[in-house]
Structures are given as C-alpha cells and as structure tokens.
1. Estimate the FRET efficiency between Gln5 and Ala121 by the formula 1/(1 + (r/R0)^6), using the beta-carbon distance for r and 30 Å for R0, to the nearest 0.05.
2. I'd like the accessible area for Thr51: 1.4 Å probe, protein heavy atoms, all chains in place, Å² to the nearest 10.
3. With the cut-off at 1.5 for a/c, could you classify region 34-93 from its C-alpha gyration tensor as rounded, prolate or oblate?
4. Cα-based count: Lys pairs in the chain below 23 Å, eight or more positions apart or different chains?
5. Which loop-located chymotrypsin sites (Phe, Trp or Tyr not before Pro) does region 94-166 contain, where loop means any DSSP state but H, G, I, E or B and the Cβ has at most 16 other Cβ atoms within 10 Å?
6. Classify region 4-74 as rounded, prolate or oblate, taking a ≥ b ≥ c as the square roots of the eigenvalues of its Cα gyration tensor: rounded when a/c is under 1.5, otherwise prolate if a/b is larger than b/c and oblate if not.
7. Identify the trypsin sites (Lys or Arg not before Pro) of region 1-66 meeting these criteria: DSSP loop state and at most 11 other C-beta atoms within 10 Å of the C-beta.
8. Using protein chains only and a probe of 1.4 angstrom, how many square angstrom of Glu118 are accessible, to the nearest 10?
Amino acid sequence: MLSAQSLAAIDREVAKYPADQKRSAVMGALRIALVERRETGKTPEERCLNTEVIEFVANYLQIPPVAAYEVATFYNMYDMKPVGQYKITVCTNLPCALSGGVNAAAYISKKLGIAIGETSADGKYTLLEGECMGACGDAPVLLVNNHKMCSFMTPEAIDKKLAELN
C-alpha cells in the first residue's frame, strides 16, 4: 500500500521513540502516507487518506486502527477527502483576522473564483480557513499543502504566490 521509501521514512519516525511507544509516530506516519498519496495518486480520491491507508499505517505501527483514525480526523493537516493540487489554508483566527486574514481569504476567493471550502473546477486549488498557525506576528498567513508557510500575505504577495503555483 505504501512504497518501500515511505515505509523506511516511517521506520525513521518510529526510531525516534522508545520501542513500546510506536503510537507516538502516528502523526509522522500519516503525514508520510499522505505525501506519498498526493505525489502518486492519479485521481483526487487517490490523493487523500482513506480508511484503508489509515488502517495500514495503524497495523504497521501495531496500534489499534481507531487510534490512527482519531488522529487523522482530529487534525486538519490530514486530507480525508479530495482537495486540489494546491490546498491553500488561510488563518482567520482573531489575531490574523484583525491583521488582514479575512481580507486575504476574500481576496484569494475572488482571484480563484471559489468560496472557502471549495475546489476549483480544474482541481488545481482548494481554499480553506484554518486555525491558528502560530505565526500571529507574520499575519496574514497561509499554508500551502500543509507544509509551506507564507507570511505577510498582502494582495501583492498573494498574486506572486499564485503565479508561482501556476
């Protein structure tokens, strides 16, 4: 279900913890599984986590599948349903909202022609609101594909980022 390279990466995550604490590696293991699926999936459904992948990760870590499923469904960094090639998550918590986060989300929405929570018709972009990203001093901030933090996202900076993604 996962490549040898991904399994080796999960093994490196597991090695960070005591032998009887494999459960501690579940967040990293799910992230590794999701990255592989996003890179190799041919359809939107193949580019997100599903029950089978989560169960596979749980069994690999020798933990109950429900323990991995709880983590995957609690954190918004795990895509449980199809998203665009570029998932853009804009922080709209209060500090970011007061510093332009809501305006940044509205600007991106207008530029892409999609509302928050939607994916563009071509499957390229999904726009989401996110919880605090721990970068209030850099507001407004957004996250691209759960990994790339972008700070001080003025309309000009958003235009530049969208051009880079195209």
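The values are calculated or read from the model by the stated rules, or taken from the named source; none is laboratory data. Since the structure is predicted, the reported quantities are computational estimates derived from the model, not experimental observations. Positions of Cβ are generated from backbone atoms using ideal geometry, with glycine treated the same way; all protein chains shown enter the neighbour counts. Note: accessible area is taken over every heavy atom of the protein model, side chains too, but ligands, DNA and RNA are not part of it. Shrake-Rupley method; radii C 1.70, N 1.55, O 1.52, S 1.80 Å.
1. Values: r = 33 Å, r/R0 = 1.11.
Using R0 = 30 Å, I get an efficiency of 0.35.
2. Approximately 70 Å² for this residue.
3. Values: a/c = 2.77, a/b = 1.34, b/c = 2.07.
Taking the square roots of the gyration eigenvalues as a ≥ b ≥ c, region 34-93 is oblate.
4. Number of lysine pairs found: 25.
5. Details: sites: Tyr107, Tyr125, Phe152; in loops: Phe152.
When the chymotrypsin sites (Phe, Trp or Tyr not before Pro) of region 94-166 are filtered for loop state and at most 16 Cβ neighbours within 10 Å, Phe152 remain.
6. Numbers: a/c = 2.39, a/b = 1.46, b/c = 1.64.
It is oblate, given that a/c is not under 1.5 and a/b is not larger than b/c.
7. Working: sites: Arg12, Lys16, Lys22, Arg23, Arg31, Arg37, Arg38, Lys42, Arg47; in loops: Lys16, Lys42.
The qualifying sites are Lys16, Lys42.
8. Surface open to solvent at Glu118 totals about 90 Å².
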